[in-house]
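K.L.:
Have a look at this one before I ask anything.
The values are calculated or read from the model by the stated rules, or taken from the named source; none is laboratory data. None of the values given here were measured: they were computed from a predicted structure. All Cβ positions, even for glycine, are placed from backbone atoms using ideal geometry, and neighbour counts span all protein chains on display. For the accessible areas, the whole protein counts, side chains as well, though only heavy atoms, and no ligand, DNA or RNA atoms are used. Shrake-Rupley method; radii C 1.70, N 1.55, O 1.52, S 1.80 Å.
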Amino acid sequence: MMIARVVGNLVATRKNVKLEGSKLLLVQPLGLDGTDRGATVLAIDSVDAGVGDRVLLVQDGKAAQQALGKGTAAVDAAVVGVIDAVETVP
Amino acid sequence: MMIARVVGNLVATRKNVKLEGSKLLLVQPLGLDGTDRGATVLAIDSVDAGVGDRVLLVQDGKAAQQALGKGTAAVDAAVVGVIDAVETVP
Amino acid sequence: MMIARVVGNLVATRKNVKLEGSKLLLVQPLGLDGTDRGATVLAIDSVDAGVGDRVLLVQDGKAAQQALGKGTAAVDAAVVGVIDAVETVP
Amino acid sequence: MMIARVVGNLVATRKNVKLEGSKLLLVQPLGLDGTDRGATVLAIDSVDAGVGDRVLLVQDGKAAQQALGKGTAAVDAAVVGVIDAVETVP
Amino acid sequence: MMIARVVGNLVATRKNVKLEGSKLLLVQPLGLDGTDRGATVLAIDSVDAGVGDRVLLVQDGKAAQQALGKGTAAVDAAVVGVIDAVETVP
């Protein structure tokens, strides 16, 4: 899993029936110092996250399907938590 | 998932029986600003997308199989939506 | 699998029900010489590892689910061992 | 999936029983302009491809297993088609 | 799959029960010319490989589990063959 920030939403009227009813979030993976790390990713929301939230991003088909509670979803990434704090030891 | 643009088609007469009847699209992943991001990828179409469409690309074997509705397909990527809009917060 | 060091913990009160009860570790993959290799990753703990431990990191949804003993967990990485020694031949 | 060219074969007498009877191809992923893209990969053949063929490469454990028609094969990549043409729109 | 060389072993007394009884090898992926390619990886042995052997490395959770003959193993990489020869066409 990675730390990411929700930066937007995606609208797709015509989509696979296996995605219907799912909210698609645009998320930016972050480094520990909060700076952007790599490219943005599209992920299914499973915790009612919103733009600006710092979230827990899972990137694996089987895991993302479990996050949605649908073994048949056509997804490869999901937001599975909203992060309160990251505690590191210096 | 990633944002991508359909840039072509692939023709393969001799292919695995698990791929027969599937349309193969050549897609170019895109950055948020619409510029190319990384190399082109081949993906199975599941939403009748065409060249020029901006699409939602899933890259995972299990997810791509679900997109086709065939748990037995020999695929690792699929086009699962046609994107209407990407809404970002500045 | 990779060698990594536990460098912190993550707190997320609001998370997917498929993650509840799991301890989330922040781990830094390491090179053979013990230096950092790439970015930090979040992983579920399955061996009661703590900050400072050098651990065995698995990065695959199906494998991480098995590490937790829950085929339905929404995870893509897990700490599955605490490393005693790495023996290399020069 | 990716476009690749078959550049050789691999001989391994001592191998896992889950690989027996399979032909192992050495393939070079290609860019759209036909130049090499990244490192060579080893893939199981499922379409009787030969050296010099331009092929369709799938890289995912579940998909490669389906290509072989064996859900129990210990493989993560397979050649699933021989490419006739790639049609791109300029 | 990739070509790799076994360069060491890993000792981990405290590990997940799903890994018990498994030998963990440290392997270095190789390019076609035999030079190192990328970082070392930890893989489960399934063919009794030893340090110095040139091996066939599979990197996928489902494939590695099949290599071990245990669908429940918490692994994402396995050594599945010892390479005799790589035949390339110049």
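K.L.:
Let me cross-check residue C:14: its accessible surface, 1.4 Å probe, with only protein heavy atoms counted, in Å² to the nearest 10?
P.N.:
Accessible area, nearest 10 Å²: 110 Å².
K.L.:
Further question: Please compute the contact order of the stretch A:2-82 in relative form: average sequence separation of alpha-carbon pairs under 8 Å and at least six residues apart, divided by the residue count, as a percent.
P.N.:
32
K.L.:
Tell me the carbon and sulfur percent of the accessible area for the stretch A:1-60, rounded to whole percent, probe radius 1.4 Å.
P.N.:
Ligands and nucleic acids excluded, carbon and sulfur reach 49 percent.
K.L.:
Taking chain C as a Gaussian network, Cα atoms linked when under 10 Å apart, which of C:72, C:40, C:13 shows the biggest mean-square fluctuation?
P.N.:
In the Gaussian network model the winner is C:13.
K.L.:
Go through B:23/E:18; D:18/E:15; A:23/B:62; B:70/E:23 and tell me which ones have a Cα-Cα distance over 32 Å in this structure. Don't skip to the answer; put the middle values down first.
P.N.:
Working: B:23/E:18 40 Å; D:18/E:15 26 Å; A:23/B:62 20 Å; B:70/E:23 36 Å.
Beyond 32 Å between Cα atoms: B:23/E:18; B:70/E:23.
K.L.:
Using modelled amide H (1.01 Å from N, peptide plane; none on Pro or chain starts), what sits under 5 Å from the amide H of residue D:46, excluding residues fewer than 5 places away?
P.N.:
Correct list: D:79.
K.L.:
Accessible area per residue for the protein assembly as shown in Å², computed with a 1.4 Å probe and the full protein assembly in place, what is it?
P.N.:
Ligands and nucleic acids excluded, the figure is 37 Å² per residue.
K.L.:
Checking an interface number: how much accessible area is buried between B and A, summed over both chains, with a 1.4 Å probe, in Å² rounded to 100?
P.N.:
Roughly 2300 Å².
K.L.:
Classify the protein assembly as shown: rounded, prolate or oblate, from the alpha-carbon gyration tensor (a ≥ b ≥ c, eigenvalue square roots; a/c under 1.5 rounded; otherwise prolate if a/b is larger than b/c)? Please list the in-between numbers first.
P.N.:
Details: a/c = 1.67, a/b = 1.00, b/c = 1.66.
Oblate, since a/c reaches 1.5 and b/c is not below a/b.
K.L.:
Direction-averaged shadow area of the convex hull around the Cα atoms of the stretch D:11-79, nm²?
P.N.:
Here the figure is 4.8 nm², rounded to one decimal.
K.L.:
Please work out the C-alpha center-to-center distance from the stretch A:1-19 to the stretch C:52-90 and express it in whole Å.
P.N.:
Here the two parts' Cα centres lie 28 Å apart.
K.L.:
Mind checking D:48-61 for the average number of partner chain beta-carbons within 10 Å of each residue's beta-carbon? Working shown, then result.
P.N.:
Values: counts 1, 1, 1, 3, 1, 1, 1, 3, 10, 2, 11, 7, 15, 15.
Per-residue shielding by partner chains comes out at 5.
K.L.:
Something else about it: Given a Förster distance of 56 Å, report the FRET efficiency between residue E:72 and residue B:32 from their Cβ-Cβ distance, rounded to the nearest 0.05.
P.N.:
After rounding to 0.05, the efficiency reads 0.85.
K.L.:
Sticking with this structure for a sec: Per-residue accessible area for residue A:87 at 1.4 Å probe radius, Å² rounded to 10?
P.N.:
So the heavy atoms of residue A:87 present about 100 Å² to solvent.
K.L.:
Could you run the Karplus curve 6.51 cos²θ - 1.76 cosθ + 1.60 with θ = phi - 60° over the stretch E:16-32 and give me ³J(HN,Hα) per residue in whole Hz, x for Gly and Pro?
P.N.:
Once θ is set to phi - 60°, the couplings for the stretch E:16-32 become 4, 4, 6, 10, 4, x, 9, 8, 9, 9, 9, 10, 10, x, 10, x, 4 Hz.
K.L.:
To the nearest 20 Debye, how big is the dipole of the protein assembly as shown about its Cα centre, given +1 on the beta carbon of each Lys and Arg and -1 on that of each Asp and Glu?
P.N.:
Charge dipole of the protein assembly as shown: 900 debye, to the nearest 20.
K.L.:
Can you give the helix-only mean residue ellipticity at 222 nm for the protein assembly as shown, where every DSSP H stretch with n ≥ 4 adds -39500 (n - 2.57) and the sum goes over all residues, rounded to the nearest 500 deg cm²/dmol? Don't skip to the end; give the middle numbers.
P.N.:
Values: 5 runs with 40 residues, N = 450.
Per the formula, -2500 deg cm²/dmol.
K.L.:
Most mobile of B:64, B:74, B:49 per a Gaussian network model of chain B (Cα springs, under 10 Å)?
P.N.:
Judging by the Gaussian network model, the answer is B:74.
K.L.:
Count the net charge of all other residues whose Cβ sits under 11 Å from the Cβ of residue D:25, scoring Lys and Arg as +1 and Asp and Glu as -1.
P.N.:
-2
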